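A short reminder: the numbers here are calculations on the coordinates, not readings from a lab. Bear in mind the structure is a predicted one, so any value in this text is a computation, not a measurement. So basically every Cβ, Gly included, is an ideal-geometry build from the backbone, and we count neighbours across all protein chains shown.
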């Protein structure tokens with residue numbers, strides 16, 4: 001059955017979202033259609049606002065509304081402990097553990113020669129600059145426990161160790177091939193507490 005052009009346009013846009021197939025898009029579209037105008041406008045405004053106001057932190061490349069993100073601005077964080085993650089979405093699950101009290105550096109991806117992603121495509125130069133200019137004593141490599149994440153961690157360890165900075169990796173407990181954003185707090189907390197030197 002053919003949908004009205006406006007509905008089809010909405011369905012097409014919703015299906016472009018990651019993990020959203022035709023049925024999920026249809027459920028969301030009908031929810032929007034059945035909501036009052038104010039609800040639909042709040043959703044639309046929230047999307048526009050996040051696109052207009054959120055950018056990358058100038059220091060760690062997490063999402064921020066100011067020049068620095070909340071974590072980089074915090075005076076209670078351990079500035080000598082740096083956790084390296086692949087994407088900004090990897091930070092919230094680590095934060096939910098309440099185990100890690102340091103700061104972050106977001107690479108913007110992971111090494112993947114098969115996909116044409118090399119060291120120059122990530123924020124590795126910015127990481128090395130931070131390590132040279134800030135008093136960082138330990139770097140926790142918290143890339144995903146998959147082939148790309150392990151490759152990235154090994155590459156970074158080789159770069160960082162000659163600087164005399166302690167390099168650790170999240171311990172076992174995280175499933176191989178999994179993503180940090182889907183890990184539960186207990187497993188991720190144990191992995192952080194039992195991190196190992198590379």
Q: Please find, in a Gaussian network model of the chain (springs between Cα atoms separated by less than 10 Å), the residue of 140, 84, 186 whose mean-square fluctuation is greatest.
A: 186
**Q.** On Cα atoms only, tilt of 5-15 relative to the major axis of the chain in degrees
**A.** 20 degrees
Q. So how much slack lies between residue 161 and residue 42, counting 0.36 nm per residue of separation and subtracting their Cα-Cα distance, in nm?
A. 37.9 nm
Q.
Could you list 75, 143, 53, 151 so that the one with the fewest beta carbons within 10 Å of its beta carbon is first and the one with the most is last?
A. 75, 53, 151, 143
Q) What's the percent breakdown of Cα-Cα distances in the range 39-122 across 10 Å bins, shortest bin first? A) 16, 38, 30, 14, 1
Q | Ranked 114, 128, criterion: other C-beta atoms within 10 Å, fewest first | A | 114, 128
Q) Over the range 70-183, what lengths in whole Å, largest first, do the semi-axes of the equivalent ellipsoid take, defined as the square roots of 5 times the eigenvalues of the alpha-carbon gyration tensor? A) 20, 18, 13
(Q) Beyond 27 Å, how much of the Cα-Cα pair distribution for the chain remains, as a whole percent? (A) 41 percent
Q) Using the count of nearby Cβ atoms within 10 Å as a rough guide to exposure, how do 166, 51 rank from fewest to most? A) 51, 166
**Q.** Residue among 118, 19, 178 with the largest mean-square fluctuation in a Gaussian network model of the chain, springs linking Cα atoms under 10 Å
**A.** 19
Q: Determine the calculated [θ] at 222 nm for the chain from helices alone, applying -39500 (n - 2.57) to every DSSP H run no shorter than 4 residues and normalising by the residue count; nearest 500 deg cm²/dmol.
A: -13000 deg cm²/dmol
Q.
Cut-off 18 Å, label point 7 angstrom out along Cα-to-Cβ of residue 184: give me the residues of the range 84-121 whose amide nitrogen falls inside.
A. 93-99
Q.
I want to check the label-to-label distance for residue 80 and residue 8. Put each point 7 Å from Cα in the C-beta direction and report it in nm to one decimal.
A. 6.4 nm
